[in-house]
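The values are calculated or read from the model by the stated rules, or taken from the named source; none is laboratory data. Note that the structure is a prediction, hence the values are computed from the model and not measured. Using ideal geometry, Cβ is built from the backbone for each residue, glycine included, and neighbour counts are taken over all protein chains shown. Just so you know, the surface numbers come from the protein's heavy atoms only, side chains and all, with ligands and any DNA or RNA stripped out. Shrake-Rupley method; radii C 1.70, N 1.55, O 1.52, S 1.80 Å.
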Amino acid sequence: MAQAGPLIDTLKRELKAQGKTYADVAKVLELSEASVKRLFADKNFTLERLEHICDMLNIELSELVQRMSKAQHQLIQLTRDQEKEIANDLTLLLITVSVISGMSYDDIIYTYNIPETTCIQKLAQLDRLKIIDLLPNNRVKLLVAPNFHWLPNGPIQQFFQEKVEQDFFSSRFDKANEKLIVTNAILTDSSNARLQKKMERLAAEFNELMQEDHAAPSQQKNGTTMVLAIRQWQYSLFKKMSK
């Protein structure tokens, strides 16, 4: 089933939207919760099991497929030229990151010292770039997919690596809302690949949580950045000591 992965991702979003858990799914499928977690991790469901879960959610399987199709038609990446246009304008970049993170026009004005006319102009620019629909009363309809990501080594990623990296890692990461984990190991290529898959799933969950928190009041939310990285690497001073 070529669309199994996106379909299961859509199902997970629907479960979270309705406040359902893996434990609820386990009861419906008469399986252990651990077995259900494996099914979602492997994205391996029979049609019958999908129908049982859809019944629990009071939606038709065809409706779930329609929602998947709608998500797939959303923007997943920008072109290099689009990213370059955004990266060259700091205010536009700030507003772009803000709306993709789920902030509204009112949230942006409340949070940042940006004149209303400037904010509207930048939102209109994002509308032209097809990142948002700018609706009446400055309402924003986001056109990017939940799994939207910047181009690998593209203008936006390069900007953050050059300008933000040092600032980001200047923290001691010792506060309740911060965490830094650094581990080292000697791994096979297959184990490395497995870890990369887990990182992709964690990034997807990060985006799902952002969607869930969209309706929460601005006062209850804080800008949050998660950096996931893995590479075959050895500290240069250690490398000099290698045979």
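Do you know which of the residues in segment 113-147 that are open to solvent by 80 Å² or more (accessible area, probe 1.4 Å) and either in a loop (DSSP other than H, G, I, E, B) or charged (D, E, K, R) (or both) is farthest from THR224 (Cα to Cα)? Only one residue fits best here, namely ARG128.
When THR183 is tested against (1) touching a residue at least 60 places away in the same chain (Cβ under 8 Å); (2) open to solvent by 80 Å² or more (accessible area, probe 1.4 Å), only condition (1) is not met.
Give me the pairs: first residue in segment 77-106 and within 17 Å of ARG139 (Cα to Cα), second residue outside any helix (DSSP H, G or I) and of a type in the set (Lys, Arg), beta-carbon distance under 8 Å, and six or more apart or on different chains, which are they? Here the result reads SER104/ARG139; TYR105/ARG139, each pair linking segment 77-106 to a residue that is outside any helix (DSSP H, G or I) and of a type in the set (Lys, Arg).
Pairs meeting the criteria (first residue in segment 150-175 and at pLDDT 85 or above, second residue open to solvent by 100 Å² or more (accessible area, probe 1.4 Å) and part of a helix (DSSP H, G or I), beta carbons under 8 Å, at least 6 apart or on different chains) are LEU151/ARG80; GLY154/ARG80; PRO155/ARG80; PRO155/LYS84.
Within segment 88-110, if we keep just the residues that are within 21 Å of GLU212 (Cβ to Cβ), part of a helix (DSSP H, G or I) and aliphatic (A, V, I, L, M), the residue that is nearest to the chain's Cα centre (by Cα) turns out to be ILE100.
The set of residues in segment 93-128 that are among the aliphatic types (A, V, I, L, M) and modelled with pLDDT under 90 comprises ILE100, MET103.
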